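This report concerns only the one structure given below.
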Amino acid sequence: MPISRHISSPRTRWNVPTSPRRRDRNPLGQGAARQHPNRRVPHTPQREPSPAEPVAENPLIRVLRPALRSDDPAAFWVSAAPLVMELADLRHHPEELPEGVDLLDTFLEIDVAETTALLHTVAAMCPDEELRSRARVGVTARRQPMPPQVSGLAQASVTEALAFSDSAGENLMVELALPRGVRAVLITYIPWSPAPYVKDAFVIGESLEEVNDTYREIMARDGDSLDEVLETVTAADAGARVRQALANTPADVEQSEDWEQWPMLRPFVEFVVNLMPKGGTGYDENAVRGVPGSASLPVPERPPWILEDGTDLVEKFTSSEHAAGLERGKELEDLAAYVMILLEASFGDPLGWDPELAEWIVSEVLPTVPMLPEAAVTRIPAALPVLIAWSLERKGEEPSVIARTLSVIAPLLEEFPARRPAR
């Protein structure tokens, strides 16, 4: 059975995700606590700290100091990226700060190693040109020695890109090279349906060879071969794919409890994308709702809800007795079509429900998919049980299987509106 596999960070945390039949998310142990701060940055007064209030006690410094001293070159990027995002946001929403307060000025005025490292990161990654320029000027006045993963951001380059896919999406792995032999790998997981978008992204402070060796071992334990699915991708094509996926991913995506670094890592992802040449080939979104037309993935000749004899499963469902109590319309059709795409792409059967699969889709997939229209999302709690019951009856499943499947998702659907990020 095809599943989406991707690795997570930090260095010792390697996860095999998201199949409902593979819930062991961390085969090598529980890993460390998250290393990023909360998204809203605590404000530091615009003055030099007094002896009673040393810099070391500042919450921001307490977050950045261990990351700056870490042996993992990716640790500081992970900690600093949310701050870069916050700086850019506050630049356009100054009313969220006390009058007269400029957060970047605060970092410029406190001359310690942690703020110097942060200025290097802002100068390299911030999407706001004015903030980048001010940070570059500020760095010139600093004298603290910096590790190469910080001072070398301006000299970073992409050396290689690889990809491997399951039937639902693709893992793109891009290796970065920085001065003094520093290597890191950005891994982006991009589902294809209903259009390519970034579901998860994380960076690992190791070389691409080391990452592949670890992944090869994990997959071998499952009886799979990484080398059979690995594909070399040009840097331009990798850049085109990630740019396309980012364009389809709202900037205000809420953090999922399953992902440690996304979406806070977005400034770093955009920084890496900007290192890759333009002009590459992205995904073919005209090929069945975003399934890429690559040689490794055959493009279906018809959508998954259209059977070989021409039967339209969406039409059959919406006109069935099961759906008689539901409001007809495009929203119901969109929801039915999307779910059938998901099941076909992931498990090869647009009607192939079972209790474990239903639990996974309701708890992990539907709350986090940003591409499904909100009007269709509002129909999920009422319409999905009806669609599942109709699908299983059409397949001839036993009533006990249908009842068990519906009972598993009932409490999840009650919580669903609260689990779905506000739009």
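The values are calculated or read from the model by the stated rules, or taken from the named source; none is laboratory data. These figures come from a predicted structure and were not determined experimentally. Please note: Cβ atoms are built from the backbone with ideal geometry, for glycine as well, and neighbour counts cover all protein chains shown.
Numerical summary
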quantity	calculated
Check on R62, over 27 Å from L275 (Cα atoms) and at pLDDT 75 or above	yes
Matching entry among A168, A141 (being at pLDDT below 95 and not assigned by TED's automatic domain parsing to the domain that holds V269)	A141
Candidates E210, E206, E217, E228 - the one that is more than 17 Å from the chain's Cα centre (by Cα), surrounded by fewer than 23 Cβ atoms within 10 Å (Cβ to Cβ) and in a loop (DSSP other than H, G, I, E, B)	E206
Candidates I409, I388 - the one that is under 25 Å from the mean Cα position of the chain (by Cα), crowded, with 21+ Cβ neighbours inside 10 Å and not basic (K, R)	I409
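Every residue, every condition in (1) buried (at least 20 other Cβ atoms within 10 Å of the Cβ); (2) at positive phi; (3) without any contact (Cβ under 8 Å) to a residue 40 or more places away in the chain, yes or no:
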| residue | (1), (2), (3) |
| --- | --- |
| D105 | no, no, no |
| V112 | no, no, no |
| A177 | no, no, yes |
| V182 | no, no, no |
| F202 | yes, no, no |
